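Engineer: Please find one structure pasted underneath; my questions will follow.
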Ligand code: SF4
């Protein structure tokens, strides 16, 4: 298969593994930003192909994981209203709020539906004019164009029973927050290829310059990731801190301009709280004034929520690359995918879920299948 098999080629992967070893002269810590990359690394054992001096640190790029607890509680509140059809991507349903999750609302008779596109939710609103239809708009820059399109389309069509509960976050401010933390050990980044497919990579140049970190835009297949690591290590060893693009088959420097225009038409940059991390200034998207009528928080007049994380859950430290999942005392015992304490054990992009699924129980320790 073109564009897939060649990026899972074992010989090519071994070649990059040897090339990385041949240029590495001292320890380096590299963060892969995206949870999809984390899953590929753990699934294919990419970290085990690297010299011991290279440490991969998992980043915050799992949108489900960083959606704040309060917003899950708001989603549960809205979904529990009679006359509401609450639409969401599937992996949000089992994310625990402070009391319930969306699955339990559904189990108790709430009309909670899994959709594969926000435009499906708009169609449900058109087909059910007597109901309020709400879409849980979660994600990074990757999902923002489709969510913006749903709102734009609803406005154009005069669909007044549709709204979105917005929890959009942006990658560059999170990278800056990680680099500004005294606890950081990150010396280079693999940036998320799909985010850069939308946004391009010019906005990473000031970060690379200011913090003196190499940033390599990287794809998601094993050979992509190994090539991204090779490019990052090569910069570190040569004392360079530049933005480079490994994922050239998808990413252009200036991104997808029509998608960026649509995002800017519908959304504005706002401060956002990240689950387990706290508020990061100008790190999210909210609806512009002209589209405020589609804001579910305003439509349902929700009060401000505050909620406390489980005291056992260290997902904030996992998301910032400070701890590995197996360093959490609840990992694999009191916290498993069927009964998660934190979102990183639920999401298909969560680091705890990856370590549990692929049986990484400690540094270099795997359980038998
Ligand atoms: S294993 Fe569970 S409790 Fe521990 S950090 Fe991960 S999600 Fe939180």
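The values are calculated or read from the model by the stated rules, or taken from the named source; none is laboratory data. Because the structure is predicted, anything quoted here is derived from the model rather than measured. Cβ: placed from backbone, ideal geometry, glycine included. Neighbour counts: every protein chain shown.
Engineer: Which residues, counting only those in the stretch 16-36, are in a helix (DSSP H, G or I) and either more than 19 Å from residue 215 (Cα to Cα) or modelled with pLDDT of 95 or more (or both)?
Structural biologist: 16, 17, 18, 19, 20, 21, 22, 23, listed by residue number.
Engineer: Is the stretch 235-249 home to any residue that is over 21 Å from residue 60 (Cα atoms) and modelled with pLDDT under 95?
Structural biologist: Yes, there is a match, as at least one residue in the stretch 235-249 is over 21 Å from residue 60 (Cα atoms) and modelled with pLDDT under 95.
Engineer: Just for the stretch 309-319: of the residues that are more than 8 Å from the ligand (Cβ to nearest atom) and more than 18 Å from the chain's Cα centre (by Cα), which one is nearest to residue 350 (Cα to Cα)?
Structural biologist: 309
Engineer: On the basis of being modelled with pLDDT of 95 or more and either outside any helix (DSSP H, G or I) or farther than 15 Å from residue 325 by Cβ (or both), does residue 51 make the cut?
Structural biologist: yes
Engineer: Yes or no: residue 137 at pLDDT 95 or above and within 21 Å of residue 199 (Cβ to Cβ)?
Structural biologist: The answer is yes for residue 137.
Engineer: Just to be sure, is residue 355 surrounded by 13 or more Cβ atoms within 10 Å (Cβ to Cβ), within 16 Å of the ligand (Cβ to nearest atom) and touching a residue at least 24 places away in the same chain (Cβ under 8 Å)?
Structural biologist: Spelling it out, residue 355 is indeed surrounded by 13 or more Cβ atoms within 10 Å (Cβ to Cβ), within 16 Å of the ligand (Cβ to nearest atom) and touching a residue at least 24 places away in the same chain (Cβ under 8 Å).
Engineer: Within the stretch 264-275, can one find any residue that is modelled with pLDDT of 95 or more, surrounded by 19 or more Cβ atoms within 10 Å (Cβ to Cβ) and either farther than 30 Å from residue 330 by Cα or out of contact with any strand residue (DSSP E or B) (no Cβ under 9 Å at 6 or more places or on another chain) (or both)?
Structural biologist: yes
Engineer: Here is a further query. Looking at the stretch 259-277, which of its residues are over 15 Å from residue 141 (Cβ atoms) and away from the ligand (no atom under 16 Å from the Cβ)?
Structural biologist: Once the filter is applied, which keeps residues that are over 15 Å from residue 141 (Cβ atoms) and away from the ligand (no atom under 16 Å from the Cβ), the stretch 259-277 yields 271, 273.
Engineer: Next question. Taking only the stretch 153-170 into account, find how many residues are under 12 Å from residue 121 (Cα atoms) and assigned to a helix (DSSP H, G or I).
Structural biologist: Result for the stretch 153-170: 2.
Engineer: Being surrounded by fewer than 22 Cβ atoms within 10 Å (Cβ to Cβ) and closer than 27 Å to residue 177 by Cα: is that true of residue 55 here?
Structural biologist: yes
Engineer: Looking at residue 182 and the list (1) assigned to a loop (DSSP other than H, G, I, E, B); (2) at pLDDT below 95; (3) more than 19 Å from residue 322 (Cα to Cα), which single condition is not satisfied?
Structural biologist: (3)
Engineer: Then there's this: Condition first: within 16 Å of the ligand (Cβ to nearest atom) and either surrounded by fewer than 18 Cβ atoms within 10 Å (Cβ to Cβ) or farther than 27 Å from residue 181 by Cβ (or both). Can you find one or more residues in the stretch 295-308 that meet it?
Structural biologist: So far as the stretch 295-308 goes, yes, one or more of its residues are within 16 Å of the ligand (Cβ to nearest atom) and either surrounded by fewer than 18 Cβ atoms within 10 Å (Cβ to Cβ) or farther than 27 Å from residue 181 by Cβ (or both).
Engineer: May I pose another question? Counting only residues that are more than 8 Å from the ligand (Cβ to nearest atom) and closer than 21 Å to residue 177 by Cβ, how many does the stretch 330-352 have?
Structural biologist: 2
Engineer: So for the stretch 320-329 (the condition being near the ligand (Cβ under 10 Å from one of its atoms), closer than 18 Å to residue 101 by Cα and free of Cβ contacts under 8 Å to residues at least 40 places away in the same chain), does at least one residue qualify?
Structural biologist: No: the stretch 320-329 contains no residue that is near the ligand (Cβ under 10 Å from one of its atoms), closer than 18 Å to residue 101 by Cα and free of Cβ contacts under 8 Å to residues at least 40 places away in the same chain.
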